[in-house]
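Every number here is computed from the coordinates shown, using simple stated rules; none is lab data. Everything numeric in this text was worked out from a predicted model, so none of it was measured. Ideal geometry is used to build each Cβ from the backbone, glycine not excepted, and the neighbour counts take in all protein chains shown.
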Amino acid sequence: MTLPHIPDAAELPAALERTTHLGIGAHQDDLEFMAYHGILAGYDQADQWFTGVTCTDGGGSARTGPFANYSDEEMKAVRHQEQIDAANLGQYAAQFQLGKPSSTIKDPADDTLAREIAEIIRKTRPQTIYTHQPADKHATHIGVFLSTLQALRSLPAEFHPQEFLGCEVWRDLDWLPDAKKVALNVSANPELAEKLNTIFQSQIAGGKNYHHAVIGRRTANATFSNPHATDDASQIIFAIDMMPLLREPSLSVADFILSLVDEFRSEVASALTTLGA
């Protein structure tokens with residue numbers, strides 16, 4: 001198992017065993033964007049802890065401005081350090097960086113990542129796991145989700161979490177029927193959210209306004225979640241409950257997701273038919 005960074009220098013077994021919330025993301029910054037709910041749960045707490053897993057090596061990203069002339073190896077080092085800085089700021093129990101090239105994560109025949117994730121889950125036994133949702137538009141994100149599911153399905157049920165959540169990054173979940181949305185209230189500590197998001201200057205300076213976009217999406221989710229009620233939250237991250245895929249190991253991911261798409265289609269069709277369209 002790849003050794004993690006432990007911000008408070010706790011002993012390795014104890015650092016992992018205290019984990020209650022586990023985030024498994026593809027790239028440096030994905031955890032902070034999609035799994036902030038888990039980071040908040042562990043921040044300044046003694047009985048709840050967030051552990052992060054970042055799967056890729058950080059190479060191959062777009063770069064302009066101060067990073068325009070950085071080599072892939074230099075960019076990997078920068079992104080690695082940014083993730084360490086985020087783990088320190090967010091008081092994570094531990095931060096794994098597995099250093100996989102995207103090509104291996106997207107290779108269905110390569111189960112290396114799934115086996116490493118399974119070992120991390122064995123060591124942490126989290127109550128909640130956050131990862132990418134499988135209708136994401138980024139192929140590497142989908143690969144990480146599939147590896148996470150493969151890891152969980154390879155483990156006995158005693159290692160399964162109470163919650164397994166697929167979160168939005170490179171496609172939001174506004175299309176998901178309301179009854180199927182898991183609304184994660186992340187209104188607390190907006191200062192921490194802002195600081196975590198802006199740590200990743202290698203990506204922001206590379207021409208992507210991620211830090212504002214992420215907060216904007218969360219704010220929009222909260223405001224537009226219910227047209228007939230005032231806001232109960234100022235920021236929300238939407239997720240899909242992925243536990244059906246653990247309860248029914250024979251259920252394919254494609255069938256599961258497309259059934260949700262069909263529900264959305266039926267919901268739209270019903271509303272239009274009701275109004276005579």
Phi-derived 3J(HN,Hα) across the range 151-165 with the Karplus relation (6.51, -1.76, 1.60, θ = phi - 60°), rounded Hz, x for Gly and Pro, is 4, 5, 5, 7, 9, x, 4, 5, 9, 6, x, 6, 10, 10, 10
Note the full-extension length gain between D231 and R125 as 0.36 nm times their separation in residues minus their Cα-Cα distance, in nm to one decimal. 34.7 nm
Each label sits 7 Å from Cα toward the beta-carbon; between E17 and A271 the label points are separated, in nm, by 5.0 nm
E263-A139 FRET efficiency (beta carbon distance; Förster radius 22 Å; 0.05 resolution): 0.35
Check A10: other-chain or 5+ apart residues with amide H under 5 Å from its amide H, H built from backbone geometry? none
Along the Cα→Cβ direction, 7 angstrom out, place labels at A205 and W175. What is the inter-label distance in nm? 3.6 nm
Would you look at the GNM of the chain, springs on alpha carbons closer than 10 Å, and say which of G25, G143, G52 moves the most? G143
List every residue whose amide H lies under 5 Å from the amide H of H132, counting only residues 5 or more places away in sequence or on a different chain, with H placed 1.01 Å from N in the peptide plane. F145, C167
If I stretch the segment between N185 and Y70 completely, what's the gain in nm (0.36 nm per residue apart, minus their alpha carbon distance), one decimal? 37.6 nm
The range 12-250: relative contact order from alpha carbon pairs under 8 Å, six or more residues apart, as a whole percent, is 24 percent
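Which value at 222 nm does the chain reach when only helices count, each DSSP H run of 4 or more adding -39,500 (n - 2.57), with the total divided by all residues and rounded to the nearest 500 deg cm²/dmol?
Result for the chain: -13000 deg cm²/dmol, rounded to the nearest 500.
Between their Cα atoms, which of K123/K208; K76/K195; K76/K106; K76/K181 are more than 30 Å away from each other? Before the final figure, lay out the partial values.
Numbers: K123/K208 35 Å; K76/K195 21 Å; K76/K106 19 Å; K76/K181 35 Å.
Violating the 30 Å Cα-Cα cut-off are K123/K208; K76/K181.
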Tally the DSSP beta bridges in the range 12-250 and give the antiparallel ones as a percent, rounded to 5. 30 percent
Shape call for the range 12-250 from the C-alpha gyration tensor, a ≥ b ≥ c root eigenvalues: rounded (a/c under 1.5), prolate (a/b greater than b/c) or oblate? rounded
Please list the non-local residues whose amide H lies under 5 Å from the amide H of W49, H modeled 1.01 Å from N, same-chain partners needing a gap of 5 or more. T20, H21
Counted charge near E248, where neighbours are those whose Cβ lies closer than 12 Å (Asp, Glu -1; Lys, Arg +1): +1
What is the Cα centroid distance between the range 129-199 and the range 26-89, reported in whole angstrom? 15 Å
Residue by residue, what Karplus-based ³J(HN,Hα) values in Hz, rounded to whole numbers, does the range 211-216 have, using 6.51, -1.76 and 1.60 with θ = phi - 60° and x for Gly and Pro? 4, 6, 5, 5, 5, x
Which whole-Hz ³J(HN,Hα) couplings does the range 14-23 yield from phi under the Karplus relation 6.51 cos²θ - 1.76 cosθ + 1.60, θ = phi - 60°, glycine and proline marked x? 5, 4, 7, 5, 7, 4, 10, 10, 10, x
